[in-house]
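Colleague: Below you'll find the structure I mean.
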């Protein structure tokens, strides 16, 4: 890992699925990211692809005129990712647990569960309309 305290970068995505293909390249462009283990890179990619995908699909409703902004701060301890879209926001407490029998076969609902599982913490900031994800790099 680099000696610098933290590195912050911003990436902008159009609200179309093909934009997710750019995420790997974006992450690899962050100084110090390639020094993380392959397992850690996989976890980070999984969490952030779910977050950006949700912003494209649920926040911006595939409106290609709307953007998703991803701010990533990489420090020696963690990654903090903030995901902004142009949608109205949401209430995570209203999400169905994908492990419940009635939700098991649904097409949606597992992304939030995966993000919670692989991140140190995840929170919705209703004031900023921002999803904030903390990922340990240890």
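The values are calculated or read from the model by the stated rules, or taken from the named source; none is laboratory data. All values derive from a computational prediction rather than experimental measurement. As a convention, Cβ positions derive from the backbone with ideal geometry for all residues, glycine included, and neighbour counts pool all protein chains shown.
Colleague: Residues of segment 24-41 being in contact with a helix residue (DSSP H, G or I) (Cβ under 9 Å, 6 or more places away or on another chain) and either surrounded by fewer than 17 Cβ atoms within 10 Å (Cβ to Cβ) or within 19 Å of residue 86 (Cα to Cα) (or both), which ones?
Modeller: Listed by number, the residues that qualify are 24, 28, 34.
Colleague: Kindly indicate whether any position in segment 87-109 is touching a strand residue (DSSP E or B) at 6+ places or on another chain (Cβ under 6 Å), within 25 Å of residue 22 (Cβ to Cβ), at pLDDT 80 or above and part of a loop (DSSP other than H, G, I, E, B).
Modeller: No, segment 87-109 has no match at all.
Colleague: Name the pairs whose Cβ atoms lie under 8 Å apart, with the first residue in segment 113-134 and in contact (Cβ under 8 Å) with a residue 60 or more places away in the chain, the second part of a strand (DSSP E or B) and exposed (fewer than 14 other Cβ atoms within 10 Å of the Cβ), and 6 or more positions between them or separate chains?
Modeller: Pairs that qualify, where the first residue is in contact (Cβ under 8 Å) with a residue 60 or more places away in the chain and the partner is part of a strand (DSSP E or B) and exposed (fewer than 14 other Cβ atoms within 10 Å of the Cβ), are 131/123; 131/125; 133/121.
Colleague: Failed condition for residue 45, given (1) surrounded by 18 or more Cβ atoms within 10 Å (Cβ to Cβ); (2) under 17 Å from residue 133 (Cα atoms), with all others met?
Modeller: Of the numbered conditions (1) surrounded by 18 or more Cβ atoms within 10 Å (Cβ to Cβ); (2) under 17 Å from residue 133 (Cα atoms), the odd one out for residue 45 is (1).
Colleague: Further, regarding this structure: Which of the residues that make up segment 1-30 are at pLDDT 90 or above, part of a loop (DSSP other than H, G, I, E, B) and under 15 Å from residue 137 (Cα atoms)?
Modeller: 30
Colleague: Residue 34 - would you say it is over 10 Å from the mean Cα position of the chain (by Cα) and either modelled with pLDDT of 95 or more or outside any loop (DSSP other than H, G, I, E, B) (or both)?
Modeller: yes
Colleague: Next question. Let me confirm something: among 55, 81, which residue is in contact with a helix residue (DSSP H, G or I) (Cβ under 7 Å, 6 or more places away or on another chain), under 17 Å from residue 119 (Cβ atoms) and crowded, with 19+ Cβ neighbours inside 10 Å?
Modeller: Numbers: 55 fails: in contact with a helix residue (DSSP H, G or I) (Cβ under 7 Å, 6 or more places away or on another chain).
Just one listed residue meets the conditions, 81.
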